[in-house]
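The values are calculated or read from the model by the stated rules, or taken from the named source; none is laboratory data. If you're wondering where the values come from, they're calculated on a predicted model, not measured in any experiment. For neighbour counting, all protein chains shown are included, and Cβ atoms are generated from backbone atoms with ideal geometry for every residue, glycine included.
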Amino acid sequence: MAQASTEEKILITGNVAAAEGAVRAGCRFYFGYPITPQNDLPEYMSARMPAVGGTFVQAESELAAMALLHGAAAAGGRAMTSSSSPGVSLKQEALSYLAGSELPALIVNVQRAGPGLGDVRCGQADYFQATRGGGHGDYRLLVLAPHTVQETFDLAYEAFDLAEKWRCPVMILSDQQLGQMMEPVVPAPMSTLPAVRDLPWALSGAEGGRPKRIVKSFYWRPGELEEFNKRLREKYIKMERELPRWEEDRAADAEIVLVAYGTSARIARDAVGLAREAGIRAGLVRPITLWPFPAAPLVAAAKRGARFLVVEMSWGQMIDDVKLSLYGTPRPVDLCWRAGGGVPDVAEVFEQVRRLAGK
Amino acid sequence: MEVAGAKLKIGRPRSLLAARTHYCAGCGHGVVHRIIAEIIDEWGLRGQTIGMAPVGCAVLMYQYLDIDMCESPHGRTPEVAAGIKRARPDKLVFSYQGDGDLAAIGMGEIIHVANRGEPISVIFINNAIYGMTGGQMAPTTVPGQKTTTTPQGRSVTGEGFPIRVCELLATLEKPVYLERTVLGAPKEITRTKNAIKKSFRVQRELKAFSLVEILSPCPTYWRVSPDKSVKYIETWMEKIFPPGVIKDTTK
C-alpha cells in the first residue's frame, strides 16, 4: 500500500490512480457496483477504505450506489463512485438530483464501447452524455479528461475541491485503455480533512437550535424553480469563464491542429510527431476540461489560419464542440474516428494529417 | 380555535411547524408527522435527527417538520438514508416512504438496506394507492379495489396480489423489528406512536434495522368519506395486511 511521501513513486493502473487520488484528497465514502473495465477500482477501495477509516459499500445497483453517495454527500462527506458506460447510464437519474441539490461528489466513468451492452473494449462515445448533463433538466457536470495515469491521480485529487467550490458534481471521463494501463505515479500527500465536515449546507442534525437545513431539488411554488434555474445558469456561465483548461503541444505554429482527449490524445500526439518529421506543421490541443470546453485555443489557432482534425473513439461527438467553438471564425474541421471498440492507430491518424496537408 | 372555558391540554410539538399542509381531509400523513415530532420533542432529539422525505404525497414533509431533512429520487429513499447514516452514525436517521416509493420503484432498495441491516428507521405509510399522482394502483392495492389505472378493480390475474412488505422483510436475517399498525381508533394511534418509538430505540441502542408499516387512510382516492375510511381499513386492508408485530428479535 502506498505511503505518503514526497519521494514516493508507485506503479498503478489508471483506475487505481483515480481511487488513490480521491482517497488522498479526503474521500472516505465509496459506493459502487461491478462492471468491466473498472473493477480494479472498487476492489482497491474495498481494502483501502477500511484502512483509512472510510466506508465501502458494494451496492445492489448503480441506482443504489448513487443514492448512498447522495446521502453521504448531503451529510458533508467526500463521496465517490465509479462505473463504465452502461452503468453510468443508470447513474443519470441521481446525477440530475445531485446537480439540482448542488451536492459535490466524484463520479468516474471508465468508458467502454456502446451502444447498449456494447463491448468492454475502449470507447469515447459517452461524451455527449457527460458534457450535456446526461439526465433530465438543465444542468452540467464539471467533466475532467485525464490522458495519463498520473493525470488521472492529479485530477481525482483536485476533484473534490472543485466540486465543493462550485457545488457541482465532478465527472472524470476516463476510458478502458487509460483505466487499465499501468504507469508510474508520484502521489500527493494524504489530506488531513475529517471524514465529514459541517459544511454550511450539510445535514448534521439541527443542533443547538440552529435553523433546519434541507437538501432538495424540488421547487413547487410558482416561479421558484425558474429563479433557481436562473441562479444555476449564472453559476454555469461563471464556470465557463473560469474553468476551461487544456494543454497545447506544438500548436503555436501549426497549420493542422489535432483536437483529442484521453487515450485518443496520446495517439494524436504521436501522429503529430510523425507529421513534424514529415515536414508538416501539425500540433495538438488537448482539452482537459470537456465541460466547460476550452474554445480559446481553438479560436486562436483558427485566427492564425489553422484547420482542425478531431480524433475521437466515437463517430463524432466532441467534434460538435469544436465546431461550436469556431462559430465566429469558421475553418475546416475534419474527423478521424474509430468506434465500437476500435482504437485509432498512429499511422492512420498520421495518414489523414498527411492528406489534409496535401503531401 | 379557542373555545370558551376550555383549557389547552396538548399543544403543537415544537418540531412540527405551524404550517398549513397540502394533505387532503382525513389523510393519515399529518397524524404520523405529528407522532414523529412528538417523539423528537419528548426525547429532545431535534439536534440529533435527520429525516428522509420520499417522492409521493409526503414529498413536502420538510415543510412541516422543523428538522434537517433530505430529498431522494423516487424509491431510493432508504439508500440515501443509509448514506447519511454511514456518514453520521451518531444521528437518528429515518426514511419516510409511501407504498409506491417503497414497494414498487424502491423494492430493490428496501430489501438490500434491510438485508445489510443498515441501522435506520423506516416509516412505511401503506394506503394501498398512489395519492400524489392521482389515485393509480399501488403494489399494495387490494384485489378488486378500483383505482384510476384499475377501473374495473385490481385483477389478480393480470396485476398480481398485494405485496406484504413486513412479511417479505421478515425472511431476512438482519431486520430486528417489523411491526404493522393502523391509523384508526385513538388506541391504534398510540400503538403506532409506541411502534415508532421502539423503532427509534432499536436504531439508537441496537444499531439495527427496523420498519413500522402503518395502514393509513386515503379517503380522496378510496372515494369514501374520511369518517368511513377507518372502517374501510378494517374491512379491506386488515384482512390482507394483518396488524401486529411481524418480527421482533430485540428481546
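Whenever a residue of segment A:223-238 is outside the structural domain of A:S101 (by TED's automatic domain parsing), its partners that are of a type in the set (K, R), lying with C-beta atoms within less than 7 angstrom and at least six residues away or across chains, give the pairs A:Y236/A:R140.
Assessment of segment A:211-219 against the conditions (farther than 30 Å from A:V23 by Cβ, in contact with a helix residue (DSSP H, G or I) (Cβ under 8 Å, 6 or more places away or on another chain), of a type in the set (F, W, Y) and modelled with pLDDT under 95) yields no matching residue. The condition of being modelled with pLDDT of 95 or more, of a type in the set (V, I, T) and more than 30 Å from A:L90 (Cβ to Cβ) holds for only one of B:I105, B:I84, B:I50, B:I36, that being B:I36.
In segment B:25-83, of all residues being more than 10 Å from chain A (Cβ to nearest Cβ) and among the acidic types (D, E), the one that is surrounded by the fewest Cβ atoms within 10 Å (Cβ to Cβ) corresponds to B:E42.
Looking at this structure, is B:V93 touching a strand residue (DSSP E or B) at 6+ places or on another chain (Cβ under 7 Å) and within 26 Å of B:G51 (Cα to Cα)? Against the criterion (touching a strand residue (DSSP E or B) at 6+ places or on another chain (Cβ under 7 Å) and within 26 Å of B:G51 (Cα to Cα)), B:V93 qualifies. Can you tell me how many residues within segment A:15-30 are over 16 Å from A:S174 (Cβ atoms) and away from chain B (no Cβ under 14 Å)? Counting residues in segment A:15-30 that are over 16 Å from A:S174 (Cβ atoms) and away from chain B (no Cβ under 14 Å) gives 3. In summary, strands (runs of 3 or more DSSP E) completely within segment A:79-147 and bearing 1 or more residues that are within 14 Å of another protein chain (Cβ to nearest Cβ), within 30 Å of A:W220 (Cβ to Cβ) and under 13 Å from the mean Cα position of the chain (by Cα) occur at A:79-83. Confirm whether A:A282 is under 30 Å from A:R28 (Cα atoms) and in contact with a strand residue (DSSP E or B) (Cβ under 9 Å, 6 or more places away or on another chain). No, not satisfied. Among the candidates A:L103, A:L144, the residue that is within 16 Å of A:L243 (Cα to Cα) and surrounded by 18 or more Cβ atoms within 10 Å (Cβ to Cβ) is uniquely A:L144.
Number of residues in segment B:84-103 that are at the interface with another protein chain (Cβ under 9 Å from one of its Cβ atoms) and of a type outside the set (D, E, K, R) equals 4.
Flag: A:G223 matches the condition of being more than 7 Å from chain B (Cβ to nearest Cβ), at positive phi and of a type outside the set (V, I, T). Of the helices (runs of 4 or more DSSP H) lying entirely inside segment A:244-359, the ones with 1 or more residues being at positive phi and not polar (S, T, N, Q) are found at A:262-277. Taking segment B:111-148 as the range and being within 14 Å of chain A (Cβ to nearest Cβ) and surrounded by fewer than 20 Cβ atoms within 10 Å (Cβ to Cβ) as the test, the residues that pass are B:I111, B:H112, B:N115, B:R116, B:G117, B:M132.
Looking at B:G100, B:G108 in this structure, which one is buried (at least 24 other Cβ atoms within 10 Å of the Cβ), within 18 Å of the chain's Cα centre (by Cα) and farther than 26 Å from B:T250 by Cβ? Write out each step before concluding.
On the way: B:G108 fails: buried (at least 24 other Cβ atoms within 10 Å of the Cβ).
On inspection, the qualifying residue turns out to be B:G100.
When residues in segment B:215-251 are screened for being over 13 Å from B:N126 (Cα atoms) and touching an Asp or Glu at 6+ places or on another chain (Cβ under 8 Å), 4 of them pass.
A single member of A:G262, A:G273, A:G208 is modelled with pLDDT under 95 and either under 15 Å from A:L309 (Cα atoms) or outside the structural domain of A:W166 (by TED's automatic domain parsing) (or both), and it is A:G208. Taking segment A:195-219 as the search range and keeping residues that are more than 7 Å from chain B (Cβ to nearest Cβ) and without any contact (Cβ under 8 Å) to a residue 24 or more places away in the chain, which one is nearest to the chain's Cα centre (by Cα)? In this case the residue turns out to be A:P200. Does B:T171 qualify as being of a type in the set (S, T, Y), free of Cβ contacts under 8 Å to residues at least 24 places away in the same chain, surrounded by fewer than 20 Cβ atoms within 10 Å (Cβ to Cβ) and in contact with a helix residue (DSSP H, G or I) (Cβ under 8 Å, 6 or more places away or on another chain)? For B:T171, the condition - of a type in the set (S, T, Y), free of Cβ contacts under 8 Å to residues at least 24 places away in the same chain, surrounded by fewer than 20 Cβ atoms within 10 Å (Cβ to Cβ) and in contact with a helix residue (DSSP H, G or I) (Cβ under 8 Å, 6 or more places away or on another chain) - is not met. For the residues A:E226, A:E312, A:E247, A:E242, the requirement of being at pLDDT 95 or above, more than 24 Å from A:F128 (Cβ to Cβ) and not aromatic (F, W, Y) singles out A:E226.
Considering segment A:169-194, and only residues there that are farther than 27 Å from A:A130 by Cα and of a type in the set (S, T, Y), the residue that is nearest to the other protein chains (Cβ to nearest Cβ) turns out to be A:S191.
Applying the criterion of being of a type outside the set (A, V, I, L, M) and buried (at least 17 other Cβ atoms within 10 Å of the Cβ) to the residues of segment A:44-60, the residue that is farthest from the other protein chains (Cβ to nearest Cβ) is A:Y44.
Scan segment A:37-78 for residues that are more than 28 Å from A:W201 (Cα to Cα) and assigned to a helix (DSSP H, G or I) and the total you get is 9.
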